[in-house]
Each structure stands twice: as structure tokens, then as C-alpha cells.
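Contents: one structure, followed by commentary.
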Amino acid sequence: MINKDEAEKKNIKIIDREDKKSEDRNDIIAKLKEILPNVITSDDTLNIDALKDVIDIANTTANNKGYELTFAGKGLAKALADIPTDKALKIEEAQSKYFKNTDNVVIRGDNIEVLKLLKQNYYGKIKMIYIDPPYNTKNEDFLYKDNFNIRDEKELVEEFGIGEDTVNFLSNMYGTRSHSGWLSFMYPRLKLARELLTDDGVIFISIDDNEQANLKIICDEIFGENNFVANFIWNHRKSKQNDIVVSLSHNSTLCYIKNTELGIYRLATDESRFSNPDNDKRGGWVADPFDAPNIRPNLTYPITNPNTGDQYLPPSGRCWRFSQDQFLNAQTDDRIIFGKNGLGRPQYKRFLSEAQDKGQSIGTIWNDIDTSERGTDQVFQLFKQKNVFSFPKPIGLIKRILEITTTSNSIILDFFAGSGTTGDAVMQLNAEDGGSRKFILAQWDEKIDEKKSKTAYDFCTENKLESVISSITIERLNRAGEKIITDKPELKDKLDIGYKVFSLADKRQPTDMGYGQFPLDNNNFSTFDKLYQMMNSSSKPLHLKIEEIEKDKLYKVDNEFYILDTFKTSIEDLKGHQIYLDAYSNISLEDALNLGIIDNENLTIIY
């Protein structure tokens, strides 16, 4: 192992996730120094008073803190997003499908740790994020627990030196249906998610009325109130529950965009709506109303139906869409009709060619999306068993979101993957339009309770799968991909239906044996485990292809070299390239310096 202190003395570049928090701070300081040099002191600290002067708030009242949502544990929730993870990726090749050739990724583990790892690989690279988090209800029939508690966060609280009484208070606060607990759970995850989005990236979050109002406020804070796009209302239940007074028929999906100038696309035109009953040489058309909102005298005039002699004025509170001269020109151009039988009000012919250029605008009420029952049926069709997963989202909902936010090569993330609907939808849309979208799914290995979810438990047992939700996620992807190829065999060698599966393990740590530093590795990391961990630290996406130069020793990724052990390849082949060296390898610092590449300042040691 290479001693870090010795490497620092030699001024060799080092990457160590333990230093990431201070690096992030330094980046912020550097940006502030660039745009507001007078607010940064000579010792690189922030001068609050100078900053107040710049933004002209020095004379505001001390109690004027602005509008925000406060909740118990918010400070800890913010801090949690910034604390470096001590986890590393470990390949699960037996659970993967076409591991070496696929661009898709599934990660098993706590999604906050997954997000911290992905921040290294995919900072600013994710085009669309969709999540369906727990709704904070008392319903215990969900496979994914639909409430939240702090038990997993106690160690973090104790790290901050908080007393036992406070720990007990927070633990109780984070009980079932606690708004503060749920918000503390969501806040750091959303904060990390924002950092993964591209400049035109978009996030969609499905939620019900238990937390919709609170979620909107914290998303305004994290993503920016001006970056709120819409609350899309999906009618997930067509039938009503008569055993209750008010039957809940809708589900909210909040949408935020990284940059309000970019990111949402119009829907493709539904060509089935266009016909050509009069054999117009310009092709198919639909009849749009000729009236428009507003009251404008120059757009208000009588129109006579030439077939009946009836005269029409715009409806109350409206006007015609064109002036009278423009109307006469449109009528001469055969753009005006008077209903299907020629006996009604004036309408305007809009041609398919015009609609295709512009596309359809997106409404906020989604009545045309499949219901929750359809989502359940889709899972049943794959597994041939009922109740394998409760209330999965239908593929149509995710495909709608993909259609309005992604291009053919976008990367999509779902870190509450559940049954894997998002991955299924990505594969299906790729199969339809020839795209090469990539998905990343994260799902916590929550144990499936045999008593509460016996069907799912029995399914895993019968199929020799671990009885955790991620097993359902992965198995659905397997079956969904195979179904697509069965239905469309011509896509067998064209469509990516594979996925690399990773789990989380404790990161390698150096331990002092009394005669030097050695890596503590209790996870039996393989060569490729170590390589992917190095790729993570050096910000390489997990889908990049790996070229083996020397087995277990030297690899090439994205035209850069990764050294894991002493190799025989000619050093000339490495010159001029970025070189990454595993600090825990058998190579000594002296050997590393003797490689002959240090003069090029392209050697980086990864811890």
C-alpha cells in the first residue's frame, strides 16, 4: 500500500472520498471568490457582513428570515447529504444480465449511500429522475414500508455529539406518520438528487395528500421555486370506494426542472386523431374551434354559415382567433368548415403536417394514463402470480414522463425502484423508438415479511432468490426484457435488456499493523470490484466499456489507464494518458515514481 503522507510530500495528486466534504467547500469558496472576491477573506473564510452589503440586506430586520418550512431534524437532514459515504460498490455478477455488454445499472442498498456514490460517477449527467417514495401512511401492506423511523440514523445523530435525551426525542419524533421524520428522510436524498441532474434535467416525484404540501415546500427550497414545472394529476383509480365518504381517485406527481429555460418537450402528435374526409390534398386534419379566449373588438364580428345562412358571434367572453380579413383568406383557402355536416359553428382545419412540427402541449390532468390496477396486472402478466408486488406504477405513467423529458440516449435514475417499473418502461420505449436510453435503479434490500407478503416471500423462496425487494426488482427486469424480445425477436441483438447489479459493501480502509499501512478488506473485493471503485472515485460512469490490458493488473477506460498491480506492458503505451493508481495495490510509492510518467503530471493515486 502507498503511504498517503509520503505521496502528499511528493506532491502527487490524490483522490480520497474522506476529503470530499472539504473539497466541496473549497469549490464553493472558489466560485464565490471568482464572482464576489470581496466576501472571501485572505484565509479563505466567508465574510458574512461583506456578503450582506453585496446583496443589500444589511439594513433588514434581524427577524426577517424569509419564507421556509422548518421541522425538527432539518439541520441534521442537511448535514447528512454532505457527509461522505464509507460504502463502496461490489459486483453481483450472478444476479446481473449481460454484465460486460449492458449500459444499465441496478444497485442494491440504502439509497442515500447510493446517491452519494453516484454523485461521483454521474454529477450533472442524469436527464430524468423519477421516484415513488413511501407516502408516510399507516398502511402496512406495502412491500416497501410506507412509514419512516430514525433507527438507521442514530449513529449519525451520535456523531454530532447530541445528548441521549435529544437522541430519544428524535427517535420518537421519527415514528409513524411524523411529518418531521418523513421530511428528514426525504430532504438529503432530494438534495443529492439535484446535483445529479443535467442542466436541462427534470425530476418527477409521485406522492399523495399526506405529504404533498410539505414536499412542495422543501422542493421549492432545494430546486428553487422558479424551477417548479407543475403538479401533474394522475387519475389512478377510475372506480370509487363506496365504503368511505371520500374516495381518493388521484395521485400527485410534482415536477421540477434544473433550469427553467430547458428540459420539457411537447408530446408527439397523436396521428390517429387526424383524418381527411374531404380528400384535401394537404393531407389529414382536425377541426379546431375558431374562437379564442379574450374579448377584442377587432376580433369580434358576425360569421355567416354559407350552407344555412345562420350568423354566429364568438361565445360570451371570447373572440375569434383571426381578424375578418384573415378569416376571409382562410375561407378562400378551404381552411374553414362549419361542423361535420356543414350546419354548425365555424371551425378551423389544422393539418397533421403542422401538428407534427409543433407537437402537443402537455396538460396537468392525466386521464389517459393507465390506472394502478393496470400496473398490478402488468406485474401479474410477468410473474403469473398475484400480489407479488402491491400497487406498482403502470408502465404508461413512466413512459409518458420519458416521452416528455428524454432523448434517445438519456440516462434515467429511479432511487426508489420498487418493482422496477422505470427500468421496464425504459426498455419498452427503446424497443418502440430505437432509442438507447440507460437506466439506473436503486433499491434497498428490505426484507419481505412472510406473514404480510406471503406471495412475494414464497415466490422468492421457490425461485431461490433472497427474500428482499431488490430480488423482485431484478427478476422483473429479467422477465420484462425477455418478453420484449419474445414479442419482437428482430430486436434480439439490438436492444439492451441487460443490467449490471452492484451491492454496497464497506469501503477498504487502511489499518496500522505496526509496520506500515495495509488495506482492511473484509469483503473479498475482486479485481473488478476494485476497478469499479476506482472508476467511481475518478468520476467515470458505470456503463463505460472496460478494456483489459493485463489481467488483474492494468485496464483502460475512456482512454485512461487504471493500475491495480505491477504490470509488464510497455510504459510508452501509457505516456500522454491520465493514469490512476490503486493506493492499496502491491506497488510501492518508489515503484510508482519509477514508472516514468510522473513528469507528465498525469498520475493520480486513489484511496
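The values are calculated or read from the model by the stated rules, or taken from the named source; none is laboratory data. As the structure is a prediction and not an experimental result, all values here were calculated from the model. Note that each Cβ is placed from the backbone with ideal geometry, even for glycine, and that neighbours are counted across all protein chains shown.
For segment 549-588, what are the residues that are over 19 Å from residue 508 (Cα atoms) and either assigned by TED's automatic domain parsing to the domain that holds residue 13 or modelled with pLDDT under 85 (or both)? Answer for segment 549-588, where residues must be over 19 Å from residue 508 (Cα atoms) and either assigned by TED's automatic domain parsing to the domain that holds residue 13 or modelled with pLDDT under 85 (or both): 571, 572, 573, 575, 576. Mind checking which residues of segment 75-96 are among the charged types (D, E, K, R), over 15 Å from residue 507 (Cα atoms) and touching a helix residue (DSSP H, G or I) at 6+ places or on another chain (Cβ under 6 Å)? Hit for segment 75-96 is 82, nothing else. Considering 234, 182, the condition of being on the phi < 0 side of the Ramachandran plot and out of contact with any helix residue (DSSP H, G or I) (no Cβ under 7 Å at 6 or more places or on another chain) is satisfied by 182 alone.
Would you call residue 20 surrounded by 14 or more Cβ atoms within 10 Å (Cβ to Cβ), under 28 Å from residue 187 (Cβ atoms) and modelled with pLDDT of 70 or more? For residue 20, the condition - surrounded by 14 or more Cβ atoms within 10 Å (Cβ to Cβ), under 28 Å from residue 187 (Cβ atoms) and modelled with pLDDT of 70 or more - is not met.
Only one of 481, 435 is part of a loop (DSSP other than H, G, I, E, B) and modelled with pLDDT of 90 or more; which? Selected residue: 435, the only one of 481, 435 that is part of a loop (DSSP other than H, G, I, E, B) and modelled with pLDDT of 90 or more.
Taking segment 289-325, which residues are of a type in the set (S, T, N, Q) and surrounded by 13 or more Cβ atoms within 10 Å (Cβ to Cβ)? Across segment 289-325, the qualifying residues are 300, 305, 323, 324.
Here's the yes/no breakdown for (1) more than 39 Å from the chain's Cα centre (by Cα); (2) farther than 26 Å from residue 86 by Cβ:
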residue	(1), (2)
560	no, no
565	no, no
572	yes, yes
575	no, yes
591	yes, yes
601	no, yes
605	no, no
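If you filter segment 449-467 down to residues that are touching a residue at least 40 places away in the same chain (Cβ under 8 Å) and surrounded by 19 or more Cβ atoms within 10 Å (Cβ to Cβ), you find that the one that is farthest from residue 98 (Cα to Cα) is 453. Based on what the data block shows, is residue 205 touching a Pro at 6+ places or on another chain (Cβ under 9 Å) and closer than 19 Å to residue 416 by Cα? Taking the combined requirement at face value, the residue satisfies it. Looking only at residues in segment 360-400 that are of a type in the set (Gly, Ala, Ser) and either loosely packed, with under 12 Cβ neighbours inside 10 Å or not assigned by TED's automatic domain parsing to the domain that holds residue 231 (or both), the one that is modelled with the lowest pLDDT is 361.
In summary, residue 373 fulfils each of the numbered conditions (1) in a helix (DSSP H, G or I); (2) of a type outside the set (Lys, Arg); (3) touching a Pro at 6+ places or on another chain (Cβ under 8 Å) with the single exception of condition (3). Annotation: residue 234 fulfils all but one of (1) modelled with pLDDT under 80; (2) touching a strand residue (DSSP E or B) at 6+ places or on another chain (Cβ under 7 Å); the unmet one is (1). Residues that are touching a Cys at 6+ places or on another chain (Cβ under 8 Å) and at pLDDT 75 or above do occur in segment 270-291. Quick one: is residue 328 among the hydrophobic types (A, V, I, L, M, F, W, C) and touching a residue at least 40 places away in the same chain (Cβ under 8 Å)? So residue 328 does not fit the description; no. Is at least one residue of segment 496-506 farther than 24 Å from residue 415 by Cβ and either at pLDDT below 95 or surrounded by fewer than 16 Cβ atoms within 10 Å (Cβ to Cβ) (or both)? No, there is no match, as no residue in segment 496-506 is farther than 24 Å from residue 415 by Cβ and either at pLDDT below 95 or surrounded by fewer than 16 Cβ atoms within 10 Å (Cβ to Cβ) (or both).
Screening residue 439 against (1) surrounded by fewer than 24 Cβ atoms within 10 Å (Cβ to Cβ); (2) more than 17 Å from residue 390 (Cα to Cα) leaves a single unmet condition, (1). Selection over segment 289-314 of residues that are of a type in the set (Phe, Trp, Tyr), closer than 19 Å to residue 340 by Cβ and part of a loop (DSSP other than H, G, I, E, B) gives a count of 1. A Cβ distance below 8 Å, combined with a sequence gap of six or more or placement on separate chains, defines the contacts here; from segment 272-288, residues that are part of a loop (DSSP other than H, G, I, E, B) and surrounded by 10 or more Cβ atoms within 10 Å (Cβ to Cβ) reach residues that are at pLDDT 90 or above and of a type in the set (Phe, Trp, Tyr) in the pairs 274/285; 276/285. Select from segment 315-336 the residues that are in contact with an Asp or Glu (Cβ under 8 Å, 6 or more places away or on another chain) and in a loop (DSSP other than H, G, I, E, B) and list them in ascending order. Across segment 315-336, the qualifying residues are 315, 321, 334. Close Cβ contacts (under 8 Å, 6 or more residues apart or on different chains) running from residues in segment 431-448 that are over 17 Å from residue 472 (Cα atoms) and assigned by TED's automatic domain parsing to the domain that holds residue 115 to residues that are among the acidic types (Asp, Glu) and part of a loop (DSSP other than H, G, I, E, B) comprise 436/103; 436/496; 438/103; 438/496.
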